[in-house]
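All remarks here apply to the structure that follows.
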């Protein structure tokens, strides 16, 4: 395992905020973080595995919605604010829709939803919350929602 | 192509994730405590828009003591580093009066001209007394002295071009020239890892900018073909002018530009080529004439050659060399020539003397020795580091060698551990490099002796073992192998 090497060609993405997502290893890290978060929740709360998956799903919803679809711009000032009106989701792959990265990120909430609802045996209220989380996340990632601000929420001043 | 160990990539993503989470939690607490304290800043606009200072506050500030360290002597092979301490986790860094003599592996003085030199310094002091430290005016007003004229002639002869123009600042040589050379309706194709000054100049020009994959002539050809066939955006008229911008040595990778192939492609598609030799002039090539000499490209094939005097010549400022018509045009349009203060006369004299030393016109062979020494030093150091198992980027003969660190925690660790053993290195992280690829950049000089290099290698090897950055696995020592073979016999 220690001798596994990956080759990375420097990408042509100029946006330093999103180009880290094009390097190898990101998808694996994402999945591993979710898995270890589940283990952590299980050990802290001592609840059932299904409850733990629901908690991970809801926390994942809160975190990814905030960072991918709410926060706009970049965390550094070098690019002189050209991305200040775009959320992170709208910035990746230079705004190109339906790339491999975007498809992967759309599939993850759905898979999490399936795991969470299966392990809780489709009981309420967990099912309702999980479904809400999955629907909101997937709709936010539709290509038609690119740069759409519903009712002006989160629009620029 | 950079080879990343997979586990290191995963660990790096995880570390950055953790740092971001902690930064956001601290920001949340800061927002809560600020709710309670009132401030009388009604009606003032915020200094930072949105969250653009997040990286600066929460990540950079943690390791701020590794950057911008003040020195108290000239940056020769050894220099005096001023020690600093901080009582509030790097928000303020206070200088002490203690200094530390450190081995300098971070200066760009490739030929060792940053230190007082036996030929250059007396002449610089003479010109200081004769021409005063500043001309206090722009080149067109009263700022052109005989030194400036002589310097331009020397630079043009050194590079083999018809004429040259010099400016007082290297950064401005890029950012003020590009808007003058090309405007709206033109196309700039630049390498993806070009320096900030080229990016700013390109943005300021108003031309359309396209980027090609770093040092990949095939991708450049692809981009050129696509752009020439499509023409200008929306109107699809042919481009007025196409300039391809590349650098001689890329300062973050240490690799040389694939100049012969790129020149061939530019000739084929009739695009102009702009070569920025900030790091390669004076440091590579048999007589120090830069990347053209090393790779066997005729300087007449390059339309605009730009460079700086800050690195190999030990001075300040930049130059542009090209045809007589080009330089004449620049002299009456470029704002850096018309409005900016001209280069300081002693600085110009330093460059003239440095060029004379390099060409051997001072009567000694010190110039040729320096160039040979910097090449030997770079090749020796690079091969030793690679034998030890570090991942070192850059081509042979290039005096810039970045050592890959990847993990954000190793950046300050490498810097501080090396400093404890009196070796000063420069570490570079996001956003100057991509997020994953943080590195420590070593710049060698002709003034480093073999003993100093061996000491540096020893220190770096120890620190490398401590940090676990020998990603490629050290080669087994040769005499151990021979002993094993002898025992079998």
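Where a number appears in this text, it was derived from the coordinates with a stated rule and is not lab data. Since the model is a prediction, treat every value here as computed from it, not as a measurement. Cβ placement follows ideal geometry from the backbone for every residue including glycine, while neighbour counts extend to all protein chains displayed.
A simple spin-label model places pseudo-atoms 7 Å from Cα toward Cβ; at residue B:462 and residue A:31 they are separated by 4.3 nm.
Taking all Cα pairs closer than 8 Å and separated by 6 or more residues, the relative contact order of region A:46-152 comes to 36 percent. Counting, for every residue in B:193-205, the Cβ atoms of other protein chains within 10 Å of its Cβ and taking the mean gives 1.
Residues in region B:412-454, backbone N under 19 Å from the label point at residue A:67 (7 Å along the Cα-to-beta-carbon vector): list them, ranges by number please. Residues B:430-431, B:434-438 qualify, since their backbone N sits under 19 Å from the label point.
Taking the inverse of the mean reciprocal distance over all distinct Cα pairs, the Kirkwood hydrodynamic radius of chain B comes to 24.8 Å.
Scoring B:256-265, B:57-66, B:235-244 by mean Cβ neighbours within 10 Å over their residues and listing the highest first yields B:256-265, B:57-66, B:235-244. When a/c reaches 1.5 or more, the comparison of a/b and b/c decides; with that in mind, is region B:119-359 rounded, prolate or oblate per its Cα gyration tensor? Prolate.
Between the beta carbons of residue B:31 and residue B:261, assuming R0 = 60 Å, the FRET efficiency works out to 0.65 to the nearest 0.05.
Any idea how far apart residue B:333 and residue B:82 come out in nm if each label point goes 7 Å out from Cα toward Cβ? Between residue B:333 and residue B:82, the label points sit 4.4 nm apart. Only helices enter this figure: runs of n ≥ 4 DSSP H residues, each worth -39500 (n - 2.57), summed and divided by the residues of chain B, yield -13000 deg cm²/dmol at 222 nm to the nearest 500. Distance from a point 7 Å along Cα→Cβ of residue B:324 to each backbone N in region B:140-170: keep the residues under 20 Å and list them by number. In region B:140-170, the label zone of residue B:324 (backbone N under 20 Å from the point 7 Å along Cα→Cβ) covers B:149-166. With Cα atoms defining each centre, region A:96-157 and region B:338-392 are spaced 58 Å apart in the structure.
Between residue B:222 and residue B:386, full extension at 0.36 nm per residue minus the direct alpha carbon distance yields a gain of 55.6 nm. Roughly how many Å is it from the Cα centre of region B:216-279 to that of region B:131-162, as a whole number? One Cα centre to the other: 31 Å. In degrees, nearest 10, range 0 to 90: what is the angle between the Cα axis of helix A:100-119 and the longest Cα principal axis of chain A? Orientation of helix A:100-119: about 10 degrees from the principal axis. In this simple spin-label approximation, residue B:298 and residue B:146 carry label points 7 Å from Cα along the Cα→Cβ vector, and these lie 3.7 nm apart. Seen against the Cα atoms of chain A and their longest principal axis, helix A:126-140 is set at about 10 degrees. A Förster radius of 30 Å combined with the Cβ-Cβ distance from residue A:147 to residue B:19 puts the calculated FRET efficiency at roughly 0.50.
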